[in-house]
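The values are calculated or read from the model by the stated rules, or taken from the named source; none is laboratory data. None of the values given here were measured: they were computed from a predicted structure. Don't worry about glycine lacking a Cβ; one is built from the backbone with ideal geometry, like all the others, and counts go over all protein chains shown. Protein only, heavy atoms only, side chains kept; ligands, DNA and RNA dropped before computing areas. Shrake-Rupley method; radii C 1.70, N 1.55, O 1.52, S 1.80 Å.
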Amino acid sequence: MSKPDHSRAPVLEAMAAHRERNPMTFIPPGHKQGRGVDPRVLEVMGRDVFAADIIMMNGIDDRRMSQEILTQAEELMADAVDADLAYFSTCGSSLSVKACIITVAGPGEQLLISRNAHKSVIAGLIISGVRPVWVHPRWDPEWQLAHPPGPEAVAEAFRQAPDAKGMLLITPTDYGTCAAIKDTADLCHQHGKPLIVDEAWGAHLPFHPDLPSWAMDAGADLCVTSVHKMGAGLEQGSVYHLQGDRVDPKVLAARADLLNTTSPSALIFAGLDGWRRQMHEHGHALLDKAITLSAETRKRLEALRGVRVMGRAEFVGPGRADDQDPLKLVIDLRELGISGYTASEWLRENRNVEVGLADHRRFAAQLTVADDQRSADILVSSVRALVEASEDLPRAKPIDLPAPGELELEQVQLPRDAFFGPCEDVPAEQAAGRIAAETISPYPPGVPAVLPGERITQDVVDYLRTGLDAGMYIPDSADPELKTFRVTAR
């Protein structure tokens with residue numbers, strides 16, 4: 001077998017060839033490579049975006065897809081990251097993880113799932129009728145955040161649910177903390193079951209040995225990555241990977257086809273294709289620079305008054321996470337007395353700087369191969385300005401944060417049954433004890449505090465309502481003000 005040629009980017013090459021041919025098209029997209037687009041749109045978006053928006057069938061490839069352009073790109077991706085197979089997705093990891101769920105388990109069947117799962121996982125359970133067996137994360141009461149569950153929790157879950165079809169592990173978290181993937185994979189394989197890893201935040205991990213373990217290298221059977229998060233793909237660019245024989249690739253393809261769009265974006269495919277080539281050829285060197293830059297930036301931020309940049313000392317160890325991504329800078333502001341919500345808004349409004357995750361006491365800034373000394377300097381100077389302005393900013397409002405275990409609600413109904421069954425809205429004061437019929441997810445990171453079929457407690461009601469008052473963003477509750485909760489009808 002000939003060695004794969006990673007200097008190639010099949011989708012990009014076909015896109016360039018199509019542009020050079022400049023055919024007269026009588027097929028979608030209707031804008032016809034930008035000719036029909038309002039000039040006011042072109043002024044903002046540019047003509048090249050539309051020129052590259054080409055249909056896959058009878059555009060990038062022929063009408064029978066016989067040139068196998070997408071297949072070639074996926075094969076190169078699989079080779080680059082040591083997987084057996086790779087599948088491109090233009091609907092983000094939200095779709096990819098659903099495809100993996102319905103491949104491994106069917107309606108009514110059990111699946112072990114980290115309770116720190118993203119809301120897209122919950123949507124997959126609602127759609128599929130899979131019965132979740134929750135594996136609860138490790139809660140750190142000192143720093144008031146959750147890390148992925150440890151192998152001992154997975155082992156206990158298998159003892160309680162020996163018929164479970166497999167396990168879905170979420171790692172890294174939005175805070176950059178990581179699970180012991182290999183130990184978890186070994187446990188699953190001892191039971192003859194596959195491990196799915198939702199590694200949406202880990203697309204860069206295969207390309208440098210100083211980063212946390214990549215799921216395929218650690219023995220996972222299926223792995224989902226969001227290339228747009230820590231990689232250089234376009235938004236919605238996702239890849240899911242397969243290795244071994246515990247998951248039938250034909251079943252995976254058939255189940256994914258139920259969810260995939262029939263009009264995939266060549267733009268997103270091209271972004272994935274080009275990113276793979278870049279990382280295979282230059283990823284180690286690029287990540288070397290990013291890791292070094294992150295370490296230097298971390299030291300500079302830690303020198304600022306009232307700022308603590310959380311790292312291995314705070315995140316990794318007994319009862320905490322097993323590893324941590326050094327490219328995630330999690331900045332704790334408790335000493336300054338302001339919330340991450342306030343900091344995020346102040347940085348955007350006053351310094352034109354946008355950061356990611358924000359919670360009641362911290363925010364996160366990610367560095368990638370796109371960053372350089374200039375962007376790091378802007379981050380440091382902006383946080384320095386935040387520190388100087390902090391005394392005049394609103395004090396962080398208290399949140400009724402439950403003690404460890406009090407956010408672990410009892411699952412009393414299948415998520416699908418509770419979501420689609422008869423429901424009613426009740427005042428928040430009457431919600432405790434009722435069964436939720438909605439998903440309520442503080443965002444980011446989008447991990448539901450309440451999901452359909454769970455019994456609501458007063459602790460979680462107080463947490464969500466005080467969190468909302470303190471600045472928490474909850475995009476998916478039926479009542480945006482949480483004056484009422486949607487519950488199953490009695």
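Quick look at the numbers
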| item | result |
| --- | --- |
| Extension gain, Asp186 back to Glu109 (0.36 nm per residue minus Cα-Cα distance, nm) | 25.6 nm |
| Highest-first arrangement of 77-83, 372-378, where packing means the average Cβ count within 10 Å | 77-83, 372-378 |
| Efficiency of FRET between Ala254 and Arg63 - r from beta-carbon atoms, R0 25 angstrom, step 0.05 | 0.65 |
| Cα-based equivalent ellipsoid, segment 384-456: semi-axes from gyration tensor eigenvalues, Å | 34, 13, 12 |
| Dipole-positive endmost among Ala343, Ala370, Val353 within segment 326-379 (Cβ charges, Cα centre) | Ala343 |
| Accessible area, probe 1.4 Å, largest first, for residues Met167, Met57 | Met57, Met167 |
| Stretchable slack from Thr261 to Leu42, in nm (0.36 nm times residue separation minus alpha-carbon distance) | 76.3 nm |
| Rounded Å value of the spacing that divides the Cα centres of segment 406-458 and segment 200-276 | 31 |
| Segment 342-460 - percent of accessible surface contributed by carbon and sulfur, probe 1.4 Å | 46 |
| Residues Ala295 and Arg348, FRET efficiency given R0 of 30 Å [Cβ-Cβ distance, rounded to 0.05] | 0.70 |
| Distance between segment 367-405 and segment 324-340 - C-alpha centres, whole angstrom | 6 |
| Label-point separation in nm, Asp288 to Val426, each point 7 Å along Cα→Cβ | 6.1 |
| Overall form of segment 196-292 per C-alpha gyration tensor (a/c, 1.5; a/b vs b/c) | oblate |
| Across Lys119/Lys193; Lys328/Lys483; Lys98/Lys182; Lys119/Lys182; Lys3/Lys328; Lys182/Lys299, pairs whose alpha-carbon gap is larger than 28 Å | Lys328/Lys483; Lys3/Lys328; Lys182/Lys299 |
| Residue-span extension gain [Glu20 to Lys32] - 0.36 nm each, minus C-alpha spacing | 2.8 nm |
| Mean Kyte hydropathy of -0.5 or more with a Cα span along the axis of at least 20 Å, helices from DSSP in the chain | 266-302, 373-389 |
| Separation between Cα centres of segment 125-147 and segment 1-56, rounded to whole Å | 42 |
| Among 282-295, 101-114, 196-209, the order from most to least packed when residues are scored by Cβ within 10 Å on average | 196-209, 101-114, 282-295 |
| Solvent-accessible ranking of Tyr463, Tyr240, largest area first, probe 1.4 Å | Tyr463, Tyr240 |
| Heavy-atom SASA rank of Arg486, Arg276, Arg19 (probe 1.4 Å, accessible area, largest first) | Arg19, Arg486, Arg276 |
